[in-house]
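Here the structure is laid out as C-alpha cells; the discussion comes afterwards.
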Amino acid sequence: MNKKNFYIPQVEKEEKKVIEEVKETPKAEPQEHLEGFVSPIYGKNVKDESYLPGEGYRSSIRQYDSFRKKEDRIDPNDYKEYIIHTDHPKPNFDEPLTKNNEQTIRSDGAIIPNNQSSQNDSKPIYQEKMTVQSNEVKQQEDEYVPPLARIEETEFRPVAPKVEEYIGKQQTFPKKLERNVSLEFNERNEEQNIDNNINQFNQNNQEDENIEETPIITKTGRVNLEPRKTEQVKPVGKKKGKYNPPSISLLRRKPKDQIDDMSDVQKQRDIIDETMRQFSIGGHVTHFTKGPTVTQFEVQLNPGVRYAKMSQIQENLQGNLEATSLRIQTPIPGKAAVGLEVPNVKREMVYFGDILDNKEFLNDGNPMNVVLGIDIAGEPVYLNLSSMPHGLIAGTTGSGKSVCINAIISTILYKAHPDDVKLVLVDPKRVEFTKFANIPHLATPIITEPKLATASLKWAVEEMESRYRLFASLGVSKYSEYLEYEQQDPTIKHIPYIVIIIDELADLIVTSGPEVEESILRLTQKARAAAIHLIVATQRPSVNIISGTIKTNIPTRIAFRVQKQVDSQIILDHGGAEKLLGNGDMLYCDETGNERRIQGAFISGMEIKNIVTEIQDTYDAEYLFTEEDLTSRSIGGDGSNDALNDEIFEQIATYVVENQTASINALQKTFRCGFNRIQAIIQKLEELGVVSGSLGNKAREVLVDMDGLERILESL
C-alpha cells in the first residue's frame, strides 16, 4: 500500500507575532445601543442624548426636560460628583459636630470630611462625593452600620438622663425601661449610676396600666417625654347585669333503668307483611324507626306496584294492627318507599329536662333557640325563633298546644338574659300565662283584656317602625348587622328581641277582628328584620280565624290533633293532623316546607312554678311599658273623650246622617274598625243627640239632618 503525503502548512514567524499581539489586546466592551429620544411635543427636534438613571442623579430631575427650553435644560455633568445616601438617617445640621483628623461624625452617625462646608436644609438628600482615605471609612460608606455602634470610636460620651427628676410621674413615662445597646465606657462608675437610675425608675412604674409602651430610655439619653395614652371610652348605654338561670335540677328526667322493648314492633312488622300478602300487594317492610310514641315502617313495593294501593288498604291495616290511628306517607320524602306511622303499644314520655340538658344547646349563644321535642328517629328537635320567623300553632283542647308554648317560654328563661329577650304574653282566657307573672323577661304585665291586646299589637307596630328608622340612621338593614355595629361602638343603645305570644287568637278576632288582623299582617310582613317575632295559637282553625293573609305571612306551622281533615288543610294545606294521637303528638312544618312528626317535650305546671319562683326571688320585673300606657294608647272604651278625639269620629257621624243608619255591623264593614271602637263612637253620638238610644231589636233612629250635625260639631 502506497503511503500518502499530507501537507501541513507552516506559519511564518511574522504571522505568529501578529496573532500573539491580537490575543494580548483586550477586547473592547460592547456598547449598549440606545434609541434616540423623541419628545411627545417637539418630536425629534430636541437634543438626542442618552439618559441612564443611576446613582449620579435622580431620574425625576430630567423626566420633564423635553418640556423645557433648550437653554434651561439640566446638564447631567453638573451631578456627576454627587451621590445619594439612602442608608443613613436624615442629618440634623443644627447639631454640633465632633471633628477628627480626616472626617467629621454627627450624633446620628453621618460622616462628612473636614473640607466640606455645611449644607443647607433645602438639599438634604445630596452630599459631595469624598475621597476615602482609609479602609475603615470605606466600609462605613459601602455597608450600613448602626450609628450608635460607631459612637465608641469617637470622643462623644452620652450623658445619663436624670431619672430622679421624673420618678413618680407615671402618666408621662412607659411601664418599663430597658437597655437596648451595650456600650463600653472608660468610667465604670458612670455606667453603674445609669443602671441604678433605670432600675429605680422601673420599680416606680410597674402598676401603671393606662400607658402604652413607647420608645425606651437607654444610656444614650434618648427619652420620649410624651408617650401616647390609651383613651378608655365609657359606654353610654345600660350595661347588662348578671343573670343566673334557674337550676336544671328543678326539671324531671327520664328513668335511667328504662329499657326499650322491640318485641311489639316485630309483631307489627309481621302483621303489615301478612296484610299486604292477603291483598296481593307485592312488597315488604325493609326498615323501621321507633320513636317515643310512633314507629315508622318503610315498605318497599315491587316494580310496577302503585303507591295508591297502600292507601286503599289503610283501614284494613289499622284494624289488623289494632291501632287507634294510622298515617300513610306515599312516598316518604327523599326515599323510594311508603311510610306507615303506627302508634306504639307502650308510649314513652318525653321530658323537657332531658332535651334541655345539652351542653352544646345551652352554650350555642342563641337565646332564641328553644326546645320543641323529639322526632321519630329519637333525635332532639329545636326551634330557632329568629329564623322561624313567625309561627302558627293550632290544635284542639288537650292536644298539647299549651304545653308546647310553656316549653318555649321556659327555654327562654333558661337561655336568654332579660335584656336580650322580652316577652309580650296575651292571654284572653286569663289562666294560661298567669304562672309567668312578674318575671324579668316580660315587656309588660300579662295582657288579658282584648282592648289592651289590640293596643299592645299597635305598640309593637310602632316599635317596629322606630327600629327601622334607627337602622336607617346607622346604615344597617337588619338586627344582626345592628348587633355587630353595637359591639364596635358601645355607646349605641342595646335593643332586645321581642317575642309576642297570643294564646287564643279566636277571641281577639271576634272582639276586634279588623284591627288585630291589620296589626298581625303588618308585623308578619316586616317585623322579622326588626327582631320582633309573633307566635299565635288557636283551638279553632277555621277560615274566619286563620285567614289567607295570616297564613301567607306565617310560614312555620305546628299542627296538633284536630277533629276534621278540613281543619288540617287550613293549618298545613293538606290532611294528616286528624290522624295524630294527641298529648303532644305534632306535625312540624318549618319555614322551608319540610314536615316532620315530633313528640313534644312535656313540662308540668309544678316545674314551671318552681322555675318562676326561683327567678322571682332573685330578680325584679322591669317592664318596657305598663297597662296604664296601653290604656292611654287604646282608642275607644268607656271614656267618651277617647271617642270624641277619634280621627274617624266626624266621618262616621257624617255617614250616619247621610245614610240614616246607625248599624254597628254596617259601620264595621265600611270603615273596617273594631266593635268596641264603633260602639264608643255611637254612644258619643247618642250623648250629643245625633242618634237615639238603643231600641232593642230595632235599629237606632237618626235625629238630626246635615245642618243640625254641622251645628253640633261646631259647638264641640
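Details
- Any hit, the range 554-562, residues being assigned by TED's automatic domain parsing to the domain that holds Ile405, in contact with a Cys (Cβ under 9 Å, 6 or more places away or on another chain), more than 27 Å from Lys422 (Cβ to Cβ) and part of a strand (DSSP E or B): yes
- Qualifying residue in the range 495-510 (condition: touching a His at 6+ places or on another chain (Cβ under 9 Å) and either closer than 30 Å to Ser325 by Cβ or at pLDDT below 90 (or both)): no
For (1) surrounded by fewer than 23 Cβ atoms within 10 Å (Cβ to Cβ); (2) assigned by TED's automatic domain parsing to the domain that holds Glu517; (3) within 31 Å of the chain's Cα centre (by Cα); (4) farther than 27 Å from Asp590 by Cα, each residue gets a yes or a no:
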position	(1), (2), (3), (4)
Ala394	no, yes, no, no
Gly400	no, yes, no, no
Cys404	no, yes, yes, no
His417	yes, yes, yes, no
Ile439	yes, yes, yes, yes
Leu442	yes, yes, yes, no
Ala460	yes, yes, yes, no
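- Every pair of residues 6+ apart whose Cβ atoms lie under 6 Å, when the first sits in the range 322-344 and is within 16 Å of Met310 (Cα to Cα) and touching a residue at least 60 places away in the same chain (Cβ under 8 Å) while the second is aliphatic (A, V, I, L, M) and in a loop (DSSP other than H, G, I, E, B): Val342/Ala323
- Count of the range 521-552 residues, restricted to those that are within 27 Å of the chain's Cα centre (by Cα), surrounded by 20 or more Cβ atoms within 10 Å (Cβ to Cβ) and in a loop (DSSP other than H, G, I, E, B), is 4.
- Number of residues in the range 691-715 that are polar (S, T, N, Q), closer than 15 Å to Gln660 by Cα and loosely packed, with under 12 Cβ neighbours inside 10 Å: the value is 0.
- When the range 582-601 is filtered for residues that are surrounded by 22 or more Cβ atoms within 10 Å (Cβ to Cβ) and either assigned to a loop (DSSP other than H, G, I, E, B) or more than 32 Å from the chain's Cα centre (by Cα) (or both), the ones remaining, listed by number, are Gly584, Asp585, Ala601.
- Evaluation of Phe297 against the conditions (1) touching a His at 6+ places or on another chain (Cβ under 9 Å); (2) over 21 Å from Ala577 (Cα atoms) shows that the sole unmet condition is (2).
Yes/no per residue for (1) at pLDDT 90 or above; (2) in the same structural domain as Ser410 (by TED's automatic domain parsing); (3) surrounded by fewer than 19 Cβ atoms within 10 Å (Cβ to Cβ); (4) under 25 Å from Ile447 (Cα atoms):
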| residue | (1), (2), (3), (4) |
| --- | --- |
| Ala621 | no, no, yes, yes |
| Phe625 | no, no, yes, yes |
| Ser640 | no, no, yes, yes |
| Ala643 | no, no, no, yes |
| Ile648 | no, no, yes, no |
| Ser663 | no, no, yes, no |
| Gln668 | no, no, yes, yes |
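- With a requirement of 2 or more residues that are among the hydrophobic types (A, V, I, L, M, F, W, C), within 44 Å of the chain's Cα centre (by Cα) and surrounded by fewer than 19 Cβ atoms within 10 Å (Cβ to Cβ), the helices (runs of 4 or more DSSP H) lying completely within the range 265-363 that satisfy it span 359-362.
The values are calculated or read from the model by the stated rules, or taken from the named source; none is laboratory data. Just so we're clear, the structure is a prediction, and the values are computed from it rather than from any experiment. Cβ sites come from the backbone with ideal geometry, for glycine too, and all protein chains shown count toward neighbours.
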